[in-house]
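Asker: This is the structure I want to talk about, given as structure tokens.
The values are calculated or read from the model by the stated rules, or taken from the named source; none is laboratory data. Quick caveat: nothing in here was measured; it's all calculated off a predicted structure. Cβ coordinates were reconstructed from backbone atoms using ideal geometry, including for glycine residues, and neighbour counts include every protein chain displayed. Each accessible area value is taken on the protein alone, full model and side chains, heavy atoms only, with ligands, DNA and RNA left out. Shrake-Rupley method; radii C 1.70, N 1.55, O 1.52, S 1.80 Å.
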Amino acid sequence: MSVRRLAPAEDQPASFSFTEENERWIEKQIAKYPDGRQASAVIPMLWQAQKQHDGWLPQRAIEAVAARLGMPVIRVLEVATFYTMFNLEPVGRWFIQLCGTVPCHVKGSLDLKQVLLERIGDQQHVTADGNFSWLEVECLGACCNAPMLQINDDYYEDLTPDLLIKLLDDLAAGREVKPGPQNGRHASEPHDAVKTLQDPALFDGSLVGSWRKRFEQQDVKTPDEAKAAGEVVPPKAPEPAPAAAPTPQTEKQAATATGPNDPKPGRPDAGRPEHSAAADAPAQRAKSGEEPVAAAKQADASDASSKEGSETTGEPVPAPQSEKSEEPTPSRPSEGKPAAAADEPEASKAPRGRSKETE
Ligand code: FES
């Protein structure tokens, strides 16, 4: 992506303000958004400012949009510099965007580029008469009519160098030009003879319902016919319950709607990785043939002193730890060291690594 900067100071106008007509248009755009969301109108407003200002956005227009929407200027500048549809430097009366992506490239966009270089000059350079400037861009979404380019708001497709030269001559002379394919074909229909969808039956209605006839011809039995013929008939699937009609909502209600007050509870093992099943789920015990946990034991489950082991040895049993954490994480650095090491002065500490004796 190219670096996108504001035009140099000498090209910048001293001021910018929207025309009255555009002010009315802006009012309507802003009214489309809920209170507090007026910033959502930033792109339409920048676009309108660009249209008003000969096809490019000066710094003052960006500031005017920020002031109108109560946004920091930097936020509007971020939008203007991110979207390549906003021109930050002056453009010609006819601003040409040449597609240079692969389909157009293999169909000859390099030849068109040569024409533009010879007729107009370098990219982002406006001709002396102010008529033309051009820019190479990525795919414009008309690849089936490659090679193509966009002039202001219109596409001109199926171009050759000669067709492009004629197009530029016509524009410069003020003659009317026709957007779309320039080689005479209609839209993106085949270039020459039509080779597909030629069967007249496709268009005279005679094929309507033909898919149903196919099944009739295959002699598929109804359930009753199959029963009479002594065939096993699979049980009929239950009819699905009709879906409840959605409650009509206004747009505002839909925007502020929240979830139900009594959400369905999640499964006890929901969210657990497959290898780590619930520790003591009754269903799991039943599956593995174990006895269910007695009610009395369940009551003691959180009491560490009543755990298995303490009953036999009398030793206190530590609180259960997860597989990943054998020791509690210290909350202070000094708690992570043995008491002696924590109190030891820095200089007297043994160097890190294994000592010879331990090896
Ligand atoms: S590649 Fe040129 S329009 Fe898509």
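Asker: When only the heavy atoms of the protein chains count and the probe is 1.4 Å, how do PHE16, PHE203 rank by accessible area, highest first? It would help to have the intermediate numbers written out before the result.
Answerer: Working: PHE16 30, PHE203 145 Å².
Listed by decreasing accessible area, they come as PHE203, PHE16.
Asker: If you don't mind, another one. First check a/c for the stretch 9-82, with a ≥ b ≥ c the square roots of the eigenvalues of its C-alpha gyration tensor; if it is under 1.5, answer rounded, and if not, answer prolate when a/b is larger than b/c or oblate otherwise.
Answerer: Working: a/c = 2.05, a/b = 1.38, b/c = 1.48.
Judged from the Cα gyration tensor, the stretch 9-82 comes out oblate (a/c at least 1.5, b/c at or above a/b).
Asker: What are the residues whose amide H is under 5 Å from the amide H of GLU136, where those residues sit 5 or more places off or on another chain and H is modelled from the backbone?
Answerer: When sequence neighbours closer than 5 places are left aside, the close amide H contacts are LEU98.
Asker: Tell me, what is the FRET efficiency for ASN152 and ALA31 to the nearest 0.05, using R0 = 41 angstrom and their Cβ-Cβ distance as r?
Answerer: Values: r = 28 Å, r/R0 = 0.69.
Approximately 0.90, to the nearest 0.05.
Asker: Within 10 Å of each candidate Cβ there may be at most 12 other Cβ atoms; applying that plus a DSSP loop requirement, which trypsin sites (Lys or Arg not before Pro) in the stretch 150-206 survive?
Answerer: For trypsin sites (Lys or Arg not before Pro) across the stretch 150-206 that sit outside H, G, I, E and B with at most 12 neighbouring Cβ atoms in 10 Å, the list reads ARG175, LYS195.
Asker: If Lys and Arg each add +1 and Asp and Glu each add -1, what is the summed charge of the other residues whose beta carbon sits under 12 Å from the beta carbon of VAL233?
Answerer: Values: positive: LYS221, LYS227, LYS236; negative: ASP224, GLU225, GLU231.
Taking every other residue near VAL233 into account, the sum is 0.
Asker: Could you please report the charge total around TRP25, scoring K, R as +1 and D, E as -1 over all other residues with beta-carbon less than 14 angstrom from its beta-carbon?
Answerer: Net local charge, TRP25 excluded: +1.
Asker: Between beta-carbons, use under 12 Å as the cut-off and find the net charge around ALA41, counting Lys and Arg +1, Asp and Glu -1. Before the final figure, lay out the partial values.
Answerer: Working: positive: LYS28, LYS32, ARG37, ARG68; negative: GLU27.
Once positives and negatives cancel, what remains is +3.
Asker: Which number do you get for Rg(Cα) / (2.2 N^0.38 Å) in the stretch 1-138? Walk me through the intermediate numbers first.
Answerer: Details: Rg = 17.0 Å, N = 138, 2.2 N^0.38 = 14.3 Å.
Rounded to two decimals, the normalised Rg is 1.19.
Asker: Extension gain CYS144-THR84, at 0.36 nm per residue separation less the Cα-Cα distance, in nm?
Answerer: On the way: separation 60, 0.36 × 60 = 21.60 nm, distance 2.29 nm.
Gain on stretching CYS144 to THR84: 19.3 nm.
Asker: Which value, in Å² rounded to 10, gives the accessible area of ILE74 with a 1.4 Å probe and all protein chains present?
Answerer: ILE74 exposes around 100 Å² with every protein chain in place.
Asker: Give the whole-number value, in cubic angstrom per residue, of the convex hull volume spanned by the C-alpha atoms of the stretch 94-174. Walk me through the numbers before you get to the answer.
Answerer: Working: hull volume 6.4 nm³, N = 81.
Spelled out: Cα convex hull of the stretch 94-174, divided by residues, is 79 Å³.
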